[in-house]
Amino acid sequence: MKIWDAIRLGISYAILAIAAIIAVFPIYYIVITSLSDVPTIASISVNSLIPKPESLTLSAYKGILFSTFFQGTGFFVWLRNSLILAAGTVAISVALAFLSGVALSRLNVPGKRALMVTVYVLTFFPMTVTVLPLYLMFASLHLINTYYGLILAYSSGTSVYGAYLVKLFVDSIPKEYEEAAMIDGLSRFGAFTRILLPLSKPVLAFIGLLAFMGAYTDYALANVFITSGDMWTLTLGMWYLSFTNRSTLYNVFAAFAVLMGIPIMAVFLAFQRYLTRMYTMSGMKG
Amino acid sequence: MASVKTTFFNYLYILPVVVIVIFLYLYPIVYTIYISFTNFNLYHFFEYQWVGLSNYITILTSKTFAQVLLNTAIWTVGSLIPMMAVGFLLALILNQKDLRGRGVFLTLLLVPWAFPAFISLIVWQGMWNWKYGIVNKILSLFGVSPIDWFNIVPMAWVMLILTNLWLSFPYYTSVFLSALQSIPEELYSVAEIDGASRLARFRYITLPLMKRTIAFVGIGGFTFTWNNFYPIYILTAGGPGNATNILVVYAYQAAFWNSLYNYAAVYSVIDAAILIVMAVIMLKFSGVLETIT
């Protein structure tokens, strides 16, 4: 029996090790490339992926941070735009999701079941359906090439979905908490903001993260809604550097990918326990 | 009277979301359905007319549509089965009591999920390159001659599905692992005392208790993969020709590359219609609908 356990564990470790190497490899590849002197993808070889420490250089990071690429814009302008869009989306999504979610859970709103079923069915429509009509609608409202238009478009998905998540979450909080507070003289709204808001922090943080990621990694909408270079986001800049502008040095692209991606990865892994629990609860794939 | 007033104030809370649903969901969808019956495209820009079912007839009888629809099915089923199988297998491995370093392995396995997919897909696009890509360079160490992943159709599918597997297995591993961990330990120890083999314990305890999670995750994964835009848009853009194109990518390209808004609308409507029907059937069968509302 002992020997079978040893074999079983041996195979398990082997499979896990192979899976872990494959999982991490592309990230390792891009990090090493960003630190090496590889002008094109052709100069990357199996050998260059195991570089000598003395050959590592930060020149690609200088290249991405301090150059301008398109209509006089570069990394910092794109980063600013992306962060403004993401922050706006987070603020609107979290606020609306909380208000509506609490109302759907606690208040007597006739027709709320119909509303939730409608929302669930609507999420089956691909975003390509909504992009075109939204574009025409926003064009007539002069919301093209503005932060507002994109923030509105990004928030629509997360705030509606977030309301649904808040409702599920608040359903699990006993009503007695607010009832006790209201007997002590707190208003209904006060009970929501003073009692339920602090208790809902975990789910609101999760909605904030979904909203941030939605705005920060969107290309499909930004590509349609933004036409002028000074409004470009990181995703549009990355698309330009990797597919449109063929003269981009590959290590500069790699440095861009690292700067844009690694902070997100670090945050995700730091909160992995909490995040995987929330994703499991929401039944949604990120 | 007071109750009417309260109801009115209650509605104020959900008013923003109702407004969003109407203006940013319902209106665009209705508008798209309307466009799908017109000749709104590059040649009739804002001077379009109602053309009835003619767009639908043109598209439903075209070879391209049949191919793109088949591709969408291949993409969805072909991705989902390996993703769930690999996810489940790794979860079973990680769930072994006597396994050490579970936390470290899990963190490493979550990396593809943690890194933004938009970026990793662009990185993969370079890694699959025929002449210069690292994938072919590594394969050549094992004596495999370079494979043209982008222009040979079966190889393009292999590339797409493997990349999607890399992107998605961490989600399935993590969901399945947390479901496995919620199975009470006593069930297994009692079965072990009764002399049930490892296989029997898996067959009669693990599988029945995991059924619900598998169904729930499978349906979610199906609808997500069906409309998963970026892997195909970034890796092959549907090529060569339309050999790997799927409905959602084709619709986007029709609208924003070729300005054929009416065709894009038809593709979108058909895409959503099929998905809704499939999702309702699957939900009915698995009994997940009760947990959603």
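Every number in this text was worked out from the coordinates using simple rules, so none of it is lab data. In this text the structure is predicted, and so the values were computed from the model without any measurement. Note: ideal-geometry Cβ built from the backbone for every residue, glycine included; neighbour counts use all protein chains shown.
Quick notes
- For B:Thr38, nonlocal amide neighbours, meaning residues 5 or more places apart or on other chains whose placed amide H falls under 5 Å from its own, are B:Val51.
- Burial ordering of A:Met127, A:Met278, fewest other beta-carbon atoms within 10 Å first: A:Met127, A:Met278
- Global form of chain A, assessed from the alpha-carbon gyration tensor, a/c cut-off 1.5: oblate
- For the peptide B:28-34, the mean number of other protein chain Cβ atoms found within 10 angstrom of a residue's Cβ is 5.
- Between segment B:37-67 and segment A:19-58, the alpha-carbon center distance in angstrom: 48 Å
- Segment B:1-29 and segment B:219-240 have their alpha-carbon centroids 34 Å apart.
- When chain A is treated as a GNM with alpha-carbon contacts under 10 Å, the residue of A:Thr130, A:Thr158, A:Thr248 showing the greatest mean-square fluctuation is A:Thr130.
- Highest-MSF residue in chain A out of A:Gly74, A:Gly185, A:Gly101 [GNM, Cα springs under 10 Å]: A:Gly185
- Taking the charge dipole of the protein assembly as shown about its Cα centre, with +1 at Lys and Arg Cβ atoms and -1 at Asp and Glu Cβ atoms, the residue from B:Gly195, B:Gln253, B:Ile74 reaching farthest to the positive side is B:Gly195.
- Less than 5 angstrom separates the built amide H of A:Thr57 from those of A:Ser36, all sequence-distant by 5 or more or on a different chain.
- Around B:Pro184: net Lys/Arg minus Asp/Glu count, Cβ-Cβ under 14 Å: -1
- Prolate/oblate/rounded label for the protein assembly as shown (Cα gyration tensor, a/c 1.5): rounded
- The mean sequence distance of close C-alpha pairs (under 8 Å, at least 6 residues apart), as a share of the length of segment B:63-194, puts its relative contact order at 38 percent.
- For A:Phe69, the residues 5 or more places off, or on other chains, whose built amide H falls under 5 Å of its own are A:Gly74.
- Three-way shape call for chain B based on the alpha-carbon gyration tensor, with the a/c threshold at 1.5: oblate
- Max mean-square fluctuation residue, GNM over chain B, Cα-Cα springs under 10 Å, options B:Val280, B:Val144, B:Val135: B:Val144
- Inter-part distance where segment B:102-119 and segment A:159-197 are each reduced to a Cα centre, Å: 34 Å
- Counting Cβ atoms of other protein chains within 10 Å of each residue's Cβ and taking the mean over peptide A:17-29 gives 6.
- Neighbours of A:Ala103 by Cβ distance under 15 Å: Lys/Arg scored +1, Asp/Glu scored -1, total +4.
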